[in-house]
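Take a look at the structure set out below.
The values are calculated or read from the model by the stated rules, or taken from the named source; none is laboratory data. No experiment lies behind these values; they were computed from the predicted model shown. Note: ideal-geometry Cβ built from the backbone for every residue, glycine included; neighbour counts use all protein chains shown. What goes into the accessible areas is simple: the full protein's heavy atoms, side chains included, and nothing from ligands, DNA or RNA. Shrake-Rupley method; radii C 1.70, N 1.55, O 1.52, S 1.80 Å.
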Amino acid sequence: MPFTTTRRTALKVLAGAALTTLHVRPFAQTKYPARPVQFVVPFPAGGATDIIGRVVAQALSTELGQPFVVENKAGAAGMLGVGSVARAPADGYTLVLGNISTHAISPALQPSIPYDAATQFEPLGMTGRIANVLVVRPSLGVRSVAELIDHARTNPDKLSYGSSGAGGTPHMSAELFKLRTETRMAHIPYKGGGPMLTDLLGGHVDLAFGNMPEFLPHIREGSLVPLGVTSAQRSSDLPEVPTIAEAGVQDYEVTSWFGLFAPAGLPGAIRDQLAGAIAQSQRSEAVTRTFAERGVLVDPLVGADFADYVAAQRRFWADFIKQSGIQADA
């Protein structure tokens, strides 16, 4: 009897182990991604973030063999869509295309934000950068950064600059310029880049900082005068225009960067796979050609290097916003 009971017990244990193995093996061998991935773009369709997002989503679909389905979740300057991803499962099937505003500026500028940019996300990789360009209306009679600085110092608070809204890189580019040059200019915020550009072209504001692709057609036709680009290097689209740092403004650089983020807690193997796919996609002809046509700079910064960059950007903008005293509704 003891022998029979022991044997039966052993057989039950072995059978249970076999069943467990049968259940676990298919799960362990499931390849990521095994189904479509939700790719959240937290801004409306048609803007720079959306355009970059769709190019990257298509490239990742090609790299990984599953659809990366773009879903525009706009609202609250991108914070609505980003917040929704912060609360999503950390399984690699919900990603968000964040940018300098959602993951570096807004956390320091906005009094209330529905996510913690530092702890609730896994930075995967940078997907592109866009330089801003400083332009003035032709009738202002200013043709260089030095002339603008001189004009602004001679006429404090008389010049006005437009922006697409408080907290965006056009606003931050102008405020950093004011701080570095010790000038005073009035900020005229608009609800989007379109209305601001209309007033700039109409001569209702004197100058603006804006994304290169948005201003290029007007620069080429002579309705806006470019004075400098905000990136560390000159733009291939405007090779004759100096960087603002080259023009004499020390410690000046701003680029609108975009990057892919997952909810925190993403398994390391999936994180590495996504980072590798982002790096590979940045080398593809389809991405490099499309980005070049739109003035987007390719920067294959992935994994820990991208995470370090994002953390450094959060520190920089938090310090700058505190130092300058900028308010969310400024």
Exercise for review: Take every DSSP beta bridge with both residues inside the chain and express the antiparallel ones as a percent of the total, to the nearest 5.
Suggested key: 60 percent
Review point. Taking θ as phi - 60°, what are the ³J(HN,Hα) couplings along the stretch 180-187 by the Karplus curve (6.51, -1.76, 1.60), each to the nearest whole Hz, with x for Gly and Pro?
Key: 6, 9, 6, 10, 10, 9, 7, 8
Review point. Taking K and R as +1 and D and E as -1, what net charge do the other residues with C-beta under 11 Å from the C-beta of R180 add up to?
Key: -3
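Net charge near A232: determine it from the other residues with C-beta under 13 Å of the C-beta of A232, scoring Lys and Arg +1 and Asp and Glu -1.
Overall, the nearby charge balance is -2.
Using the C-alpha atoms of the chain, what convex hull volume per residue, in cubic angstrom, is computed?
Working: hull volume 46.9 nm³, N = 330.
Given the Cα convex hull of the chain, per-residue volume reads 142 Å³.
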Check your understanding: How long is the gain from A304 to A146 if the chain were fully straight, where each residue apart is worth 0.36 nm and the alpha carbon distance is subtracted?
Key -> 53.0 nm
Practice item. Could you work out how far the C-alpha centroid of the stretch 199-268 sits from that of the stretch 128-145, in angstrom? Key: 9 Å
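Compute the signed sum of charges (Lys and Arg +1, Asp and Glu -1) over the other residues within less than 11 Å, Cβ to Cβ, of I52. Display every interim value, and only then the final one.
Working: positive: R54, R129, R294; negative: D50.
Charge balance near I52 sits at +2.
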**Study point:** the chain, accessible surface, carbon-and-sulfur percent (1.4 angstrom probe)
**Key:** 54 percent
Review point. What accessible surface, in Å², does a 1.4 Å probe find on D237, ignoring ligands, DNA and RNA and rounding to the nearest 10?
Key: 40 Å²
Check your understanding: Expressed as an acute angle from 0 to 90° and rounded to the nearest 10, what is the orientation of the C-alpha long axis of helix 268-282 relative to the principal long axis of the chain?
Key -> 40 degrees
Review point. Accessible surface of I100 in the full protein assembly, 1.4 angstrom probe, to the nearest 10 Å²?
Key: 0 Å²
Point to revise | Integer Hz, Karplus 6.51/-1.76/1.60 couplings in order for the stretch 169-176, x for Gly and Pro | key: 5, x, 5, 5, 4, 5, 5, 5
Study note, to complete from the structure: With every protein chain kept in place and a 1.4 Å probe, the chain has an accessible area per residue in Å² of 46 Å²
